[in-house]
1. Hey, what D do you get for segment 132-233 in µm²/s if you plug the Kirkwood alpha-carbon radius into Stokes-Einstein at 4 °C and 1.567 mPa s?
2. Rank the residues 269, 146, 541 as a footprinting-exposure proxy: fewest other Cβ atoms within 10 Å of their Cβ go first.
3. Along the three principal axes, how long is segment 401-460 when you take its alpha carbons, biggest first, rounded to the nearest angstrom?
4. Taking the Cβ of each residue in 590, 576, 506 as the centre, tally the other Cβ atoms inside 10 Å and list the residues starting with the fewest.
5. Ranked by Cβ crowding within 10 angstrom, fewest neighbours first, how are 166, 499 ordered?
Ligand SMILES: [Zn+2]
C-alpha cells in the first residue's frame, strides 16, 4: 500500500530553475530559458520579469510518467499485441522507470482480462505501478450493478483510471442526457471506486474542447470528481486538435481554479504532441500520459521518449529515477521490436540518425568539440554519436569511423579503402545507412575474414501451388473458367507461393546441407541459413530481421538495372543495417542477409570454430 515515488509530489514543488541546478548532465543551459533569463530590450521591465517568474513557479519539480502504450498505443493500425507481448513491454517500461503502466481495458476484450490475470501472477514491477482503464457508469444506472466498474475492480490493481465526459456537447449530444446526470455519472463512479479502496485517476475526455466551449461545466465536472476523491484530474485532448499555447492557458486556469493535481493526456494530430506535454507541465501539470515512440491511433499519442528527455535534460523536471535515462534509447528500440514496427531513425533522442553526422568539415570539427554540434551528450539517453560515410567521404571521416569501431588502419589502407568505397558506391551501394556492411568492408580492408561459416552454394526454388490441388469444387466459379485469366480465386481455388532454399556450407570442418522453406525466397534462405548454423551459434536466435527494403536503381551505370536491398536487424538492444547490390534481387538479398548475420555474430559472444581461420 505504500505510495510510489510519484505520490505526494506537489503541483508547485519548486521552481524549474532550482530543480535545474541539480541536473548537470545536459550540455544545454538546463533551466527553462524563458523562465531563467529576463527578456532583453524594452520589454525587460519589472512586470514582464514578474510574469516570467510566475510562469517558472508553475513548473513542478517532478512529474509522473503515465504510460499508456499497452492501451491507447495499441490502437495504432497494424499493432496487435499478444498477452505475452504486453507482459514483455510492461517489463521494459518498468526497466525505464515510468511511474504507471496502463495495462488495458478489462471486459473490453478477453486479451486484457488475461493480461491482468497473468500480470498479478507473473509481473514483478520494481518501479512502476500497474493501472487499469475503464469508463464511468452508464446513464441513469447505479454503480453497484455496472459491469465496467465491476471489471475494473476484478482486475485487482490499486490504481484505476476512468474516462468520463467533460464537454457539455458530449453529454447532451452523445450521451443524450442532462448535464447534471453527466456530473453524477462521473462523481458517483469515482466515489464507488474510492470506497472499494482504489486510487482513482479521472481522464476528462474532451477536456480542452469542453473548456473552450463551456468552462463552467468542465470545471463543475472536475470539481465534482475531485470532491469524490479522484487523485488526478487528467485533461485529455481527445481529438488532438489543441495547440501548445491553448494547452498552457487551459491547464493553468484549471490548476488555479481547482488547486487539484492535474495531468495531461495528449495526442499528436497537430504535430504538437510533445510540445503540448511540455506546455502542460509548464502550466503546472504533474502527470503526463503518453506512449513509447508515440504509438497511438491516427497520428499517435504524444511520444514519451522526447518528453522524458526534454523534461529531464532541458527543463530540470525530474521524471525517471536516477540513472534510468540511459535506458531510453534501448527501451524505445525494444518496444518497437515488440510491436513489430521498424524504429524511426529520425526519432528525436533515440533514433539511429539522432546523433549521426555526415562526412567532411563538420565531422572533423565534431571530433574536436562534440558539444559544438550535438545538443546533448548522446550517452545520457543511451544513444551514441555516429559518423556517416558517404561518397563525399574524405579521409578524416574514414579515420573517425575506424576510431569509433576500434579498427587500426594505416594511411595506405585508408587510401585503398576509399578507392574501394568509391567503386562500390558507383555500383549502387550506399553506406550512409548500411553502416554494419561498411564495418565489414573496413575490417576486410585490414585482412579480416568472417570466421563463422563458409558458403559452398545455395539454390532457391519458387513454386506456386493450388490449395485444392487444382480440382474445382462445385463446378465452375462465377468468375469464369478455373485457371483462365478471368477466374478470381474463391477460398478453394486460392494459390499460394511456397519457396524452398537449399544451402551447402561449412562451419569449421563440418559440411552442412540444409533446406529452408518460406513464403518468399529471402525468407526461405534465412531459414536455411539458421538451420545450418543455429546449433553452433545459439546467439543467432536473438537476431531478427525487422525491415527489408528493395529499390531498383536504373541510372547507376546506364546499362542493366540493379537492385539494392537494405535489411534492418536487431538483437533486442542494438539495431543495424546491411546492404546488398546485384542485378539479381535474390543475390542482393543474400548478400545483405549474410552481412546481417555475420555482423550480429561479430558483436555477440559467439565463438567461431577453433579450426576456422
Ligand atoms: Zn488517448
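1. Numbers: Rh = 13.2 Å.
Answer from the Stokes-Einstein relation: 98 µm²/s.
2. Working: 269 17, 146 20, 541 10.
Going from sparsest to densest Cβ surroundings: 541, 269, 146.
3. That works out to 41, 27, 20 Å along the principal axes.
4. Numbers: 590 24, 576 21, 506 15.
By the 10 Å Cβ count, ascending: 506, 576, 590.
5. Working: 166 32, 499 21.
Exposure proxy ranking, most exposed first: 499, 166.
Each value in this text was obtained by applying a stated rule to the coordinates, not by laboratory testing. The shown structure was predicted, so the numbers you read here are calculated from the model rather than taken from an experiment. Don't worry about glycine lacking a Cβ; one is built from the backbone with ideal geometry, like all the others, and counts go over all protein chains shown.
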